[in-house]
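Just so you know, all these numbers are worked out from the coordinates, no wet-lab data involved. These numbers come from a predicted model, not from an experiment. A quick note on method: Cβ atoms are made from the backbone with ideal geometry, for glycine too, and the neighbour counts reach across all protein chains shown.
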Amino acid sequence: MRAGSLSDHSLLDYMLHRAAVSAPEVARALHVPPSTAMSMMARLVRRGQAMRVPTTDLPDETTPNNAASVANVAAVSTSRRGRPVVAYGLRLPAPVAVVLFDGSEASGAVVDAGLAVRGVRRQELAAVEGQAGAIALVERMLARVLPAAGLARGDLAGLGLSINAVPLGARTLASSVLPWVDASLAPRLADALGLPVHLVLTPTIVAEHRLLPEPLPGSMVYLRVGDGVSSHFIAGRRCHAGHGSLAGELGHVSLEADGPLCGCGRRGCLEAWCSGPAIVRAVREDLRAGVASTLDAGLLQRASARAAVDHIAQAWRAGDSLARTAMDRVFDRLGRGLAIILNLVDPDLIVVGGYVLRDRPEWIEEVRRRALPWTLHAARRENPLRVARATLEDELRVIACHYHYPLAGKTPPSSALEGEAKRGANDESDPDSQPRRRRARAKPAHRAKSASPARSLARPRPRPRKKLRSLLA
Ligand SMILES: [Zn+2]
């Protein structure tokens with residue numbers, strides 16, 4: 001192994017989780033002297049893997065219920081002594097197309113080498129006709145995104161795809177939200193597009209973590225309530241993916257054995273009560289049963305779950321009794337879910353996102369209040385909740401970064417889950433992707449965790465050498 005390459009992997013790995021870093025921050029994070037951090041950063045800049053980024057002020061402390069966007073840049077512009085700090089961010093070797101596919105919305109864009117997000121397109125989805133429908137949708141999305149970004153397919157290194165799914169072992173992919181998802185999706189998509197396709201399964205928590213100001217919290221949970229319910233977490237700057245990349249599936253904690261059927265096949269899961277589609281389903285049933293309401297039954301039938309939840313939220317604010325009763329059921333159960341997180345993980349910070357709760361501080365407060373009776377020593381705990389701040393563009397950037405740097409910690413993508421185009425449109429035009437793709441083919445898929453590049457911090461990290469640790473003690 002080339003001298004310095006291990007620490008460079010650690011630095012790339014760290015930079016995946018930070019929108020902008022300074023050399024002093026790197027020195028603290030990787031337990032190396034500042035001069036070493038400077039030369040590591042200079043090496044990445046020379047190789048075109050990192051770049052200077054503009055600095056803007058960020059709040060020194062996390063602000064509860066602060067929904068302001070801090071897209072594009074996140075860096076502390078001055079040190080505590082007021083000296084300007086030079087900030088660095090990742091740079092990509094080539095533009096990459098990105099598609100974020102949730103149950104109720106698909107978004108796409110191209111992320112260029114300087115991490116600018118170009119040609120963003122969003123499309124609400126009422127329903128997707130199986131895997132073939134999803135592939136057709138991604139093709140249409142790419143056909144709209146590329147001209148908007150002023151690029152051609154041959155300019156791309158490939159496609160980074162994020163979908164609401166979890167890997168089950170090295171060769172299987174499953175989703176409680178998108179029942180047609182399986183391991184054949186990425187290879188079929190790669191064939192259809194003529195581009196390599198890499199899956200990035202949990203970009204949102206990384207997007208949120210990238211925006212946190214220093215000092216970073218020791219642990220952070222991202223509670224997501226959208227088309228699914230999950231609570232992934234980062235502890236000690238490492239995503240905890242679990243043994244089989246299944247950690248954080250709060251949505252499938254069953255609260256009632258005879259509750260509604262969940263997409264995972266079991267009953268009474270939190271997700272079966274509290275996800276966007278579950279909320280809409282329950283409200284529609286109430287309307288069918290003749291409960292009086294101002295809600296528009298036709299809209300709830302036609303619209304995407306996202307738009308339908310917006311409609312229910314409007315009615316809730318206006319005091320509609322059906323919306324109030326329905327959301328009471330949801331808040332009660334989300335409160336129990338939140339208490340489970342607090343009792344089990346006791347994190348420094350819980351970022352709350354997903355389209356059900358995002359930008360609805362009054363709903364988050366309902367959930368927080370209803371968690372109290374279920375929370376151990378509730379009165380002595382501080383409120384660790386904060387509203388999610390990462391924008392769609394921030395998430396798309398994370399997908400692009402993980403497309404190019406899945407090997408930051410030497411974890412090859414699983415050939416079973418990643419799609420390699422047989423005749424890549426840019427096979428000759430992207431020299432950087434060639435060695436990486438060869439490496440990916442050369443190694444058998446043997447590690448489930450490799451299927452989730454956004455959780456790549458889960459692998460063991462080399463401990464700092466004793467001498468360096470003692471220097472910093
Ligand atoms: Zn479930």
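May I ask what percent, to the nearest 5, of DSSP beta bridges between residues of segment 217-387 are antiparallel?
That works out to approximately 60 percent antiparallel.
Rounded to whole Å, give me the distance from the Cα center of segment 110-128 to that of segment 257-316.
Distance between centres, Cα-based: 28 Å.
Among 16-26, 200-210, how do they line up from the highest to the lowest mean number of other beta-carbon atoms within 10 Å? Before the final figure, lay out the partial values.
Details: 16-26: 23.5, 200-210: 25.5.
Ranking the peptides 16-26, 200-210 by packing returns 200-210, 16-26.
Long-range amide H contacts for R386: which residues qualify at under 5 Å (H placed 1.01 Å from N, peptide plane, sequence gap of 5 or more or a different chain)?
Residues meeting the criterion, in which the H sits 1.01 Å from N, are I350, V351, V352.
Based on Cα coordinates alone, diagonalise the gyration tensor for segment 228-308, multiply each eigenvalue by 5, take square roots, and list the semi-axes in whole Å, largest first.
Working: eigenvalues 198, 46, 16 Å².
Over the Cα atoms of segment 228-308, the semi-axes work out to 31, 15, 9 Å.
Just to be sure I understand the curve: with the Debye formula and one point per C-alpha of segment 217-387, what is log10 I(q)/I(0) at q = 0.12, 0.15, 0.20 Å⁻¹?
-0.54, -0.82, -1.35
Long-range amide H contacts for A50: which residues qualify at under 5 Å (H placed 1.01 Å from N, peptide plane, sequence gap of 5 or more or a different chain)?
Counting only residues 5 or more places away or on other chains, the set is V45, R91.
Which order do the peptides 319-325, 224-230 come out in when sorted by mean C-beta neighbours inside 10 angstrom, highest first?
On the way: 319-325: 15.7, 224-230: 28.3.
Ranking the peptides 319-325, 224-230 by packing returns 224-230, 319-325.
What trypsin sites (Lys or Arg not before Pro) in segment 339-406 are in a loop by DSSP, with at most 16 other Cβ atoms within 10 Å of the Cβ? Don't jump to the answer; show the numbers that get you there.
Details: sites: R358, R368, R369, R370, R380, R381, R386, R389, R397; in loops: R358, R381, R389.
The qualifying sites are R381.
Given G218, V283, H232, which one lies farthest toward the positive end of the charge dipole of segment 217-387, if we put +1 on the Cβ of every Lys and Arg and -1 on the Cβ of every Asp and Glu?
Final value for the positive-end residue is G218.
Residue by residue through segment 147-153, what is 3J(HN,Hα) from phi via Karplus (6.51 cos²θ - 1.76 cosθ + 1.60, θ = phi - 60°)? Round to whole Hz and write x for glycine and proline.
x, 5, 8, x, 10, 10, 4
Using θ = phi - 60° and the Karplus curve 6.51 cos²θ - 1.76 cosθ + 1.60, what whole-Hz ³J(HN,Hα) does each residue of segment 192-202 get, with Gly and Pro shown as x?
Working through the residues one at a time gives 5, 8, x, 9, x, 10, 10, 8, 10, 8, 9 Hz.
Quick one: what are the phi-derived ³J(HN,Hα) couplings along segment 322-327, Karplus 6.51/-1.76/1.60 with θ = phi - 60°, whole Hz, x for glycine and proline?
5, 4, 4, 5, 4, 6
Taking amide H positions as placed in the peptide plane 1.01 Å from N, state which residues far from A174 in sequence (5 or more) or on other chains have amide H under 5 Å from it.
Here the answer is V166, L168, since their amide H atoms fall under 5 Å of that of A174.
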